[in-house]
Amino acid sequence: MNLRWYHFAAWGALIAAMLLMPRLVDLGLMGRGTLRTMIQACYLAMFAISWDVLSGRTGYISFGHPFLIGIGAYGTAILSKKFGVPVELSIPLAVLITMIGGLVVLLPALRIKGSYFALVTLAFMELMYQLVQVIRPDLTGGTRGLSGIKTLTRGAENGYMLAVSLMLAVALGCWLLMRTRFGTALWALGQNEEAVSGSGLSTIRLKAMAFLVSAFVAGLAGAFLVHYNGSLAPRAMFDINSVFTIIVAALIGGAGTILGPVLGAFFLTFLLEWLRPFLPGAERFLVYGAVALVLYMYQPKGIYAIIEGGLKRLWGRA
Amino acid sequence: MLQILIQGLLLSGLYALIAMGFTLIFSVGRVLNLAYGAYLLIGGYAYFYFSQQLGLPKIAGVMLAGVLGCVLGLLKYQLLVKRVQGVHSAVEIATLILAVVLQSAVVLIFGDSSKILLPIVPGVERVASAAIPYSNLVATIISWAILIGLYFFVRLTHTGRAMQAVSMDAKGAAISGIDANRINMITWGISGTLGAIGGVFFASYTQLYPGMWVAPLIIAVAVVIVGGIGSIIGTLVVAHIVGFMEIIVSSWNPELRGVFTMLLIILVLVLRPRGLFGREEIH
Amino acid sequence: MSARLQVSNLVKRFGGLTATNDMSFTVEPGESVGLIGPNGAGKTTIFSQIMGEHRQTSGQIHMGEQEISALSTPARIRRGVSRTYQVPRPFPEITVAENIRVGLMPDSVWQMVTRGADRDRERELALAVGFAEADLDRTPAELSMGDLRKLEMARTLATDPKVMLLDEVFAGLTVGEIATISALVQKLRDQGMTFLIVSHDLKALEPLIDRAIAIDRGTKIAEGAYSEVIADAGVRASYLGGGGDA
Ligand SMILES: Nc1ncnc2c1ncn2[C@@H]1O[C@H](COP(=O)(O)OP(=O)(O)O)[C@@H](O)[C@H]1O
Ligand SMILES: [Mg+2]
């Protein structure tokens, strides 16, 4: 894995800084609202990490990630609300079901690539959107969705600590995983799939593993988010805008790097917040999208690459 | 029975029109242009603005929507696609972002709620037990007129044949002196126009709201892939298969309409990725 | 470390074209065989069938006693057969060391995750095919054709084969590079490796092989000692008829 001292230092600093955020509120340096914004950013970061594990390296671009997130969210919401399953059980079950969903996404990836695959995943999301509205609306809440779902925490600080711990655990776990030879194999898969199998590796197994890990993260984050929000609305969940936000967070952060998508998620979430005072209405989304587009066209490798380049230059000079 | 036949024809004609604008870009530019959905959206809202808010004649509204779509197509080619051309996932992602930006522009100007489009031609014709709005009938007739026109344009005119040449073999076409840039511009322009007009019809067939473009986009792409990239006839045939299936399913259980269409698309793409009439694989 | 490779009555049709026509031959353990023939004769197609990248229309392929036709490409590589590609297929955005690492990986995600990379072995393979120490951190985008062929060799070797299929390993190489690769092949032969080698550069090929098989339009036209095969009237005619692209 080849970890160096500065890896430990950087992770230590990141974890400490994130866990100490609520103290800034105590000191009056930061508003409670900011903490809530950070909670949103943490969940978006997990979704973006999940996307990155599936699509960032392998070249199988998912346009339907809310399909996976939705399974996790609906899974635990229905189990806990309609069947009275305790949350300690409903969340792991929901994650498990989401991983089965990950295998469903794997099916087209066994035969088709590129644009085809992206399109099929988009159709998966649309299908899920239609399904939750018409199949057993007594369970899914139909078009209206579900509300009154049990929440796990009370108050911004507790919600934040839960979200940030989850996010850091997921980020560290995936980051370590991607530093192993498995991560190298996924890069290789995205660059030349035939040559990977010509090097003696089963590409199906690699894809399956990536998709399962991605589904695990998506299901976990989706499930915890629903128990934070306490409600669930299909139109917002299976919206092209949420696909957009996840992909753009991962891309402008830096696809394939795990930490990049975390950066991207915080950047996007806070960009939206900072724009609020100047542009209170829907203009915000226009600016936000335009910034994303320009950043993407300017540096397709993302913020991570910009920072990395900058650090290297500093290092070189010192 | 008759009802299904007529409604099937109406919907299929619409799908064919939308898919046709898409297949042009797909075959000539080799680009999965996800912002194609935005043409539908802009077309629908442009029509709403010109003919319902400004009160211009309806026909002028349709035409202006088409012009706007054309301009949008050209701009997109010049400013965006040309820059990232060659990297497929980059084009897909950039066009997806653009579509979302345009959608938020629509929300900004017109708000988030659904709008009701007045029928292009008022009145309803009753055939058997079916109510056929004149509007839909007109949309279908115009769609067919455009499709036939396009077919002859591609087959018979010099420009049309150059488009075909570029779509078959871009390098070969360049060697034989075809200006690929010009052909690309024309294609993006036509595609934008068709998309915008398709959007007007589609919005009057269903609803006009900011997220209206996603489902028809998926259907258009699927129809094109299944029908064979660049094949006008294949696109027509598959548009009718999808249109009729959708009508048949919804006459049996209207709620399952969307579910069924998406399932069909997923199944066909997974089982027959080369399409039914396809000549090659895309990447 | 060696195994016998046997191809029996192999036929491959692409539509109307018969690319492999009732081909049978055996490569004995430790033997090195040259496969020659004009462009389009069907040499690469035979390799693809042995590796399972193309499925034969009919016929059998044996590694040792086992019929391998039903196996996937990775499973065949585990049985000990591995090839280089005529058009090199590097992973363009990762380093030379990482390219070799992919070849060294076991086909088990668990082991990929739990065990680290074997950097010494990566280095050893890279140096063996003629890379310099500094090349390990370069990406294929910065490499010459000759370097890409070396990388192809290194990654193939990394899969720990018993039988190596080399497809046009000398094309585009300088004299020095040809000497390096030749020396490597000789060294591996001394260690008992089995080879099937395709090359247009007959001069470089000759010292590396025990015997030769000539094919034309998918059909075997001569087999035996190199000097006899090359003197064969049919072989001469096929090279001339094939456009003399040697
Ligand atoms: N995938 C394929 N589809 C159709 N024809 C092919 C394919 N691969 C090879 N061929 C044809 O098979 C013949 C043998 O090709 P190949 O094995 O590459 O020849 P060689 O390696 O001896 O130069 C050629 O005529 C080639 O055009
Ligand atoms: Mg060859």
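Can you tell me which condition residue C:91 does not meet? The list is (1) within 16 Å of ligand 2 (Cβ to nearest atom); (2) out of contact with any Ser or Thr (no Cβ under 7 Å at 6 or more places or on another chain); (3) in a loop (DSSP other than H, G, I, E, B), and all the others hold.
Here residue C:91 meets the rest and fails (1).
Residues A:248, A:243, A:262, A:287: which one is away from chain B (no Cβ under 14 Å) and touching a residue at least 12 places away in the same chain (Cβ under 8 Å)?
Among A:248, A:243, A:262, A:287, only A:262 is away from chain B (no Cβ under 14 Å) and touching a residue at least 12 places away in the same chain (Cβ under 8 Å).
Taking the conditions exactly as written (in a helix (DSSP H, G or I) and within 14 Å of chain B (Cβ to nearest Cβ)), does residue A:139 satisfy them or not?
Spelling it out, it is not the case that residue A:139 is in a helix (DSSP H, G or I) and within 14 Å of chain B (Cβ to nearest Cβ).
Got a sec? Which of C:83, C:76 is at the interface with another protein chain (Cβ under 9 Å from one of its Cβ atoms), crowded, with 21+ Cβ neighbours inside 10 Å and within 13 Å of ligand 2 (Cβ to nearest atom)?
Checking each option against the conditions leaves just C:83.
Of the residues A:20, A:54, only one is out of contact with any Asp or Glu (no Cβ under 7 Å at 6 or more places or on another chain), surrounded by fewer than 23 Cβ atoms within 10 Å (Cβ to Cβ) and on the phi < 0 side of the Ramachandran plot; which?
A:20
Please count how many residues of the stretch C:52-88 are part of a helix (DSSP H, G or I) and either basic (Lys, Arg) or under 15 Å from residue C:23 (Cβ atoms) (or both).
Count: 3.
If residue C:12 passes every condition in (1) more than 10 Å from ligand 1 (Cβ to nearest atom); (2) in a strand (DSSP E or B) but one, which one does it miss?
That leaves (1) as the condition not met.
Are any residues in the stretch A:148-167 assigned to a helix (DSSP H, G or I) and farther than 13 Å from residue A:91 by Cβ, and if so, which ones?
Of everything in the stretch A:148-167, those that are assigned to a helix (DSSP H, G or I) and farther than 13 Å from residue A:91 by Cβ turn out to be A:155, A:156, A:157, A:158, A:159, A:160, A:161, A:163, A:164, A:165, A:167.
Here are the criteria: (1) of a type in the set (D, E, K, R); (2) closer than 18 Å to residue A:169 by Cα; (3) more than 14 Å from the chain's Cα centre (by Cα). Tell me which single one residue A:113 does not satisfy.
For residue A:113, the failing item is (2).
Hey, can you tell me all the residues within the stretch C:145-180 that are touching an Asp or Glu at 6+ places or on another chain (Cβ under 9 Å) and either among the basic types (Lys, Arg) or away from chain A (no Cβ under 14 Å) (or both)?
Residues satisfying the conditions are C:146, C:147, C:149, C:150, C:168, C:169, C:170, C:171, C:173, C:177, C:178.
Taking interchain pairs and intrachain pairs at least six residues apart, which have beta carbon atoms under 6 angstrom, with the first residue in the stretch C:44-71 and more than 11 Å from residue C:11 (Cα to Cα) and the second among the hydroxyl-bearing types (Ser, Thr, Tyr) and within 16 Å of ligand 2 (Cβ to nearest atom)?
C:54/C:48
Six or more apart or on different chains, Cβ under 7 Å: which pairs go from a residue in the stretch B:96-120 that's at the interface with chain A (Cβ under 8 Å from one of its Cβ atoms) and buried (at least 23 other Cβ atoms within 10 Å of the Cβ) to one that's polar (S, T, N, Q) and assigned to a helix (DSSP H, G or I)? Could you list them?
B:100/A:241
Can you tell me how many residues in the stretch C:114-135 are β-branched (Val, Ile, Thr), within 14 Å of chain A (Cβ to nearest Cβ) and crowded, with 17+ Cβ neighbours inside 10 Å?
Of the residues in the stretch C:114-135, 0 are β-branched (Val, Ile, Thr), within 14 Å of chain A (Cβ to nearest Cβ) and crowded, with 17+ Cβ neighbours inside 10 Å.
I want to confirm something. Restricting to the stretch C:16-64 and keeping residues that are on the phi > 0 side of the Ramachandran plot and away from ligand 2 (no atom under 12 Å from the Cβ), which single residue is farthest from the other protein chains (Cβ to nearest Cβ)?
Result: C:22.
Taking residue C:97, is it within 14 Å of chain A (Cβ to nearest Cβ), of a type in the set (A, V, I, L, M) and under 23 Å from residue C:192 (Cβ atoms)?
no
Of these, C:171, C:128, C:158, C:132, which one is within 16 Å of ligand 2 (Cβ to nearest atom) and of a type in the set (A, V, I, L, M, F, W, C)?
Unique residue meeting the criteria: C:171.
How many residues does the stretch C:23-63 contain that are within 7 Å of ligand 1 (Cβ to nearest atom) and of a type in the set (D, E, K, R)?
Within the stretch C:23-63, residues that are within 7 Å of ligand 1 (Cβ to nearest atom) and of a type in the set (D, E, K, R) number 1.
Would you point out the residue of the stretch C:136-154, among those that are assigned to a helix (DSSP H, G or I), touching a Lys or Arg at 6+ places or on another chain (Cβ under 9 Å) and without any contact (Cβ under 8 Å) to a residue 60 or more places away in the chain, that is surrounded by the fewest Cβ atoms within 10 Å (Cβ to Cβ)?
C:136
Just for the stretch C:183-201: of the residues that are aliphatic (A, V, I, L, M) and more than 15 Å from ligand 2 (Cβ to nearest atom), which one is surrounded by the fewest Cβ atoms within 10 Å (Cβ to Cβ)?
That would be C:183.
It is to be established whether one or more residues within the stretch C:202-218 are free of Cβ contacts under 8 Å to residues at least 60 places away in the same chain and either within 16 Å of ligand 2 (Cβ to nearest atom) or within 30 Å of residue C:102 (Cβ to Cβ) (or both).
yes
We did not get these values from a lab; they are worked out from the coordinates using the rules stated. What you see is a predicted model, and the numbers here were worked out from it, not measured in a lab. No Cβ is skipped: glycine too gets one built from the backbone with ideal geometry, and neighbour counts run over all protein chains shown.
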